[in-house]
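Peer 1: Dropping the structure in here first, questions after.
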Amino acid sequence: MGTPRLMIILGAATAILVAAVVLLTTRSWIALGVVMALHAVATAVVVMYALRSAADSHDKPDPVVEARLEEERATAHAG
């Protein structure tokens, strides 16, 4: 789940929106509704993926934080 997957999603969303802009050249009210719906769906997909990716972060904690957590675990088992 690295950057390439996010770039694919962003690229697909951009392609959909470009197609929607081309659709707008028809000057139809129905086309406007379709474009607005496509925009909402593309935005929702990108935001949901970004939030899910941020929640799945598996970074190693700071050494000071890691030492404090180990100390808390040691005192919890001893006490």
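Readers should treat all values here as calculations from the given coordinates under stated rules, not as data from a laboratory. Bear in mind the structure is a predicted one, so any value in this text is a computation, not a measurement.
Peer 1: For the chain, what does -39500 (n - 2.57) per DSSP helix run (n ≥ 4), summed and divided by total residues, give at 222 nm, in deg cm²/dmol to the nearest 500?
Peer 2: Calculated mean residue ellipticity at 222 nm is -28500 deg cm²/dmol.
Peer 1: I've got another one for you. Which helices, counted as full DSSP H runs in the chain, have an axial Cα extent of no less than 30 Å and a Kyte-Doolittle average of 0.0 or above?
Peer 2: Passing helices, by number: 3-24, 29-55.
Peer 1: Still on this structure: Once the cut-off is 17 Å, how many percent of the Cα-Cα pairs in the chain end up in the long-distance tail?
Peer 2: I get 64 percent for the Cα pairs in the chain exceeding 17 Å.
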